[in-house]
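In what follows, a structure is listed as structure tokens, so that the remarks can point back to it.
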């Protein structure tokens, strides 16, 4: 089973609220299932974004969730935390000198073309809620999944601490995102092999 099929199966198995089918229909109309997860680092490859989403789910489920956890919320938070990256990247080419041959070669690279500069987590929440309502805990988890890497947190915003204190799923999602990014996905950049 490929990443897309695994994602869609997992979502359909656990998410049964109003608007879920419309959300998946919209998501399939975007490049979400073929896009990279980043421009140079983890998952900077075709299907990197869906691979990353599944890895976050797997870490969240295996390391941070108890049996009594609301699985619908776990699946929603993990699989949809980065929907803000749908239709976010473009593929371009640049000339790079081949170290072995000394010749210049045209190589692909990813760049950002953000048509909706609305932030990161908050943009994912907004995009999801156009189709399907989130619980407050799901929204907080998705909004703050970047932790200290979020622009608001780096700017001194204290709301992240309050969100983490009130909503355990937010902390768990952030930890799962870090583990997926820096442990499971090390070496998954097709455009920056020297950094892996």
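Residue check: residue 92 meets all listed conditions (1) surrounded by fewer than 22 Cβ atoms within 10 Å (Cβ to Cβ); (2) in contact with a strand residue (DSSP E or B) (Cβ under 6 Å, 6 or more places away or on another chain); (3) part of a loop (DSSP other than H, G, I, E, B) but one, namely (3).
Among the residues of segment 112-128, the one identified as surrounded by 12 or more Cβ atoms within 10 Å (Cβ to Cβ), at pLDDT below 95 and out of contact with any helix residue (DSSP H, G or I) (no Cβ under 8 Å at 6 or more places or on another chain) is 114.
Return the total of residues in segment 71-103 being more than 17 Å from the chain's Cα centre (by Cα) and at pLDDT below 95. So the answer is 13.
If only residues of segment 105-162 that are in a strand (DSSP E or B) and without any contact (Cβ under 8 Å) to a residue 40 or more places away in the chain are counted, the one that is nearest to residue 65 (Cα to Cα) is 106. When segment 7-18 is filtered for residues that are surrounded by 15 or more Cβ atoms within 10 Å (Cβ to Cβ) and in contact (Cβ under 8 Å) with a residue 40 or more places away in the chain, the ones remaining, listed by number, are 7, 10, 11, 14, 15. Against the list (1) touching a helix residue (DSSP H, G or I) at 6+ places or on another chain (Cβ under 8 Å); (2) surrounded by fewer than 22 Cβ atoms within 10 Å (Cβ to Cβ); (3) more than 16 Å from residue 3 (Cβ to Cβ), the condition residue 77 fails is (2).
To keep it simple, each residue is scored yes or no on (1) in contact (Cβ under 8 Å) with a residue 60 or more places away in the chain; (2) assigned to a loop (DSSP other than H, G, I, E, B).
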{"site": "21", "(1), (2)": "no, no"}
{"site": "25", "(1), (2)": "no, no"}
{"site": "32", "(1), (2)": "no, yes"}
{"site": "36", "(1), (2)": "yes, yes"}
{"site": "39", "(1), (2)": "yes, yes"}
{"site": "45", "(1), (2)": "yes, yes"}
{"site": "52", "(1), (2)": "yes, no"}
{"site": "62", "(1), (2)": "no, no"}
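The values are calculated or read from the model by the stated rules, or taken from the named source; none is laboratory data. Note that the structure is predicted; figures quoted are calculated from it, not measured. Note: ideal-geometry Cβ built from the backbone for every residue, glycine included; neighbour counts use all protein chains shown.
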